Amino acid sequence: MGEKLTCVVCGRKFSVGQGILISFGRNTYNFHSKTCALKFVKKVLESLDPSELERTADKVTEEYSKILKEKTERTAKKIA
Ligand SMILES: [Zn+2]
């Protein structure tokens, strides 16, 4: 039946290739669904130093806004 992984959050077993894997540094964590992965990531973030978290979240927001801006510009060029 192949190898089974166990969801870190809810303990459900699932097959390799299904579910979600997230790596932090050298560790990889297995989740059976996006909901469990999100729950875990949120918990990790909440456990970090708030000021560090704020800085990092700001940086990520900035990166996404850059991507969005580029996308908008590309679309505008296509229309023109
Ligand atoms: Zn789960």
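No lab work stands behind these numbers, since they all come straight from the coordinates. Computed from a predicted model, the values in this text were never measured in an experiment. Note that each Cβ is placed from the backbone with ideal geometry, even for glycine, and that neighbours are counted across all protein chains shown.
Structure values in brief
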item	result
Candidate lysines - alpha carbon under 21 Å from residue 71, same-chain residues fewer than 8 apart omitted	59
Separation of the residue 14 and residue 49 label points, Cα + 7 Å toward Cβ, nm	3.4 nm
Between 0 and 90°, nearest 10: helix 34-47 axis offset from the chain longest Cα axis	80 degrees
Pair residue 58, residue 38: separation of 7 Å Cα→Cβ label points (nm)	2.6 nm
Highest average packing first - 12-19, 43-50, 26-33, Cβ atoms within 10 Å	26-33, 12-19, 43-50
Charge dipole magnitude, Cβ of K and R +1, D and E -1 - segment 1-63, Cα centre, debye nearest 20	520 debye
At R0 = 35 Å, FRET efficiency that the Cβ-Cβ distance of residue 70 and residue 27 yields, to 0.05	0.60
